[in-house]
Amino acid sequence: MTNEHNGLTYSDAGVSIEAGNSLVDAIKPLAASTKRKGSSPSLGGFGGLFDLKACGFKDPVLVAANDGVGTKLRVAIESGIHSGVGIDLVAMSVNDLIVQGAEPLFFLDYYATGKLDVGIARDVVAGIAEGCRQAGCALIGGETAEMPGMYHGADYDLAGFAVGAVERRKILPKKGVGAGDVILGLASSGPHSNGYSLIRKIVEVSGANYKNAAPFDSSRTLGEALLAPTRIYVKPVLTALKAHTGIKALAHITGGGFTENIPRVLPDDCAAHIDLASVGSPPVFGWLAKNGGIAQKEMLRTFNCGIGMIVVVSAAKADDVMLTLAEAGEQVVRLGEIANRTGRQARVKFAGALSLGDNS
């Protein structure tokens, strides 16, 4: 007979059920703080509930998105700054919902680690809850996985899942995007959550240190500057969509930059003509370009370069939409316009140059 007092436990294998329970208790009030109409953010069940009817939609289409934070997490881990990546996690999915005109309704997260550190995990989930509040969606559930042997030490990874809804007749992009439409740009907070494998390589070859002052911003450490959370554009854009019928398309500028993301919302016979002098790139991009020796073409297909969201709007409504977005707190610029395209012409044409400055 096996002596139960000498047998192995789950804890012996590196998994602490007690730590998991402590984390659930710690994050319950965070989830509760994201409650919205239709939600019941009570953690601990086998699934999260959401009442779509309570939201007042008449002919809704559900829109779903999922994403992670990528190797920006490595910057967070090495810097010891964890709360912002939770906002990033929410942003990367809800910003993808809004480009289809959808209002984010609820969010679920997945947190995987080798050894659960309740304090770090709580900081991450606090950021997730803040992101949900910014987006107006409810955090209705998630999963924490402690997997020794899969991750080194306290390393962790994140995945997020968002669901939204849009009235069928309001799905974006609309038909009718065409020559003469104006392209507006909404400012980013920095690289957001894209290009961090390249960013980390530049930090390495430049000899910079995440704990030291940022070369382009002496008020913050390099780690703090590079971990600036992704902007969540949901509420300002929803305000503009409700106020104006002239918005025809939106594009979230993520991995692939301008070059890959703008064509995703354009008809094949249209091209975007972008005036790069209007972009106004934050100093971080100048530092990256200089210290990495990165050509402008590579910058434009890797980073957002200072514009996290574009808005395609009819020329007659452009000024009104700009005003509404500015009043909602966005920095808005005119990036260019839509033009006709034939044959194998480029889907995005650039004029001028990025203003990257001299950031050493």
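The values are calculated or read from the model by the stated rules, or taken from the named source; none is laboratory data. Nothing here was measured: the structure is a model prediction, and the numbers come from that model. Note that we place each Cβ from the backbone using ideal geometry, even for glycine, and neighbour counts take in every protein chain shown. For the accessible areas, the whole protein counts, side chains as well, though only heavy atoms, and no ligand, DNA or RNA atoms are used. Shrake-Rupley method; radii C 1.70, N 1.55, O 1.52, S 1.80 Å.
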Lys175 meets each of (1) over 20 Å from the mean Cα position of the chain (by Cα); (2) of a type outside the set (Val, Ile, Thr); (3) closer than 24 Å to Ala135 by Cα with one exception, condition (3)
Among the numbered criteria (1) within 23 Å of the chain's Cα centre (by Cα); (2) within 26 Å of Gly176 (Cβ to Cβ); (3) touching a residue at least 60 places away in the same chain (Cβ under 8 Å), which one does Asn261 miss? (3)
Which condition breaks for Ser83 when tested against (1) hydroxyl-bearing (Ser, Thr, Tyr); (2) modelled with pLDDT of 95 or more; (3) farther than 24 Å from Leu238 by Cα? (2)
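Please go through the range 272-293 and pick out each residue that is under 22 Å from Tyr210 (Cβ atoms), in contact (Cβ under 8 Å) with a residue 60 or more places away in the chain and of a type outside the set (D, E, K, R).
If the condition is that a residue be under 22 Å from Tyr210 (Cβ atoms), in contact (Cβ under 8 Å) with a residue 60 or more places away in the chain and of a type outside the set (D, E, K, R), then Ser281, Pro282, Pro283, Val284, Phe285, Gly286, Trp287, Leu288, Ala289, Asn291, Gly292 are the ones that fit.
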Among (1) within 22 Å of Val237 (Cα to Cα); (2) modelled with pLDDT under 95; (3) not hydroxyl-bearing (Ser, Thr, Tyr) - the single one Leu335 does not satisfy: (2)
How about the range 331-346: which of its residues are part of a loop (DSSP other than H, G, I, E, B) and either open to solvent by 60 Å² or more (accessible area, probe 1.4 Å) or under 22 Å from Ala187 (Cα atoms) (or both)? Gln331, Thr342, Gly343, Arg344, Gln345
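Restricting to the range 151-208, count the residues that are of a type in the set (Lys, Arg) and under 20 Å from Tyr111 (Cβ atoms). Quick ask: steps written out before the conclusion?
Taking the range 151-208 as the starting set, the residues that turn out to be of a type in the set (Lys, Arg) are 168-170, 174-175, 200-201.
From the residues that got through so far, the ones that are under 20 Å from Tyr111 (Cβ atoms) too are none.
Number of matching residues: 0.
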Could you give every pair whose Cβ atoms fall below 8 Å, whose first residue belongs to the range 130-155 and is within 23 Å of Arg36 (Cβ to Cβ) and open to solvent by less than 20 Å² (accessible area, probe 1.4 Å), and whose second residue is part of a loop (DSSP other than H, G, I, E, B) and hydrophobic (A, V, I, L, M, F, W, C), counting only separations of at least 6 or pairs across chains? Gly131/Ile232; Ala135/Ile232; Ile140/Leu49; Gly141/Leu43
What pairs come up if the first residue lies in the range 344-358 and is over 26 Å from Asp268 (Cα atoms), the second is open to solvent by 70 Å² or more (accessible area, probe 1.4 Å) and not aliphatic (A, V, I, L, M), and their beta carbons are under 8 Å apart, counting only those six or more places apart or on different chains? Leu356/Lys290; Asp358/Lys290
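Sort out for me the strands (runs of 3 or more DSSP E) sitting completely within the range 207-311 that have 3 or more residues that are touching a Pro at 6+ places or on another chain (Cβ under 8 Å) and either open to solvent by 30 Å² or more (accessible area, probe 1.4 Å) or over 24 Å from Thr71 (Cα atoms) (or both).
Working: elements: 217-221, 247-252, 270-275.
In the range 207-311, the matching strands (runs of 3 or more DSSP E) lie at 247-252.
For Lys175, state whether it is at pLDDT below 95 and farther than 23 Å from Gly68 by Cβ.
Working: at pLDDT below 95: yes; farther than 23 Å from Gly68 by Cβ: yes.
So Lys175 fits the description; yes.
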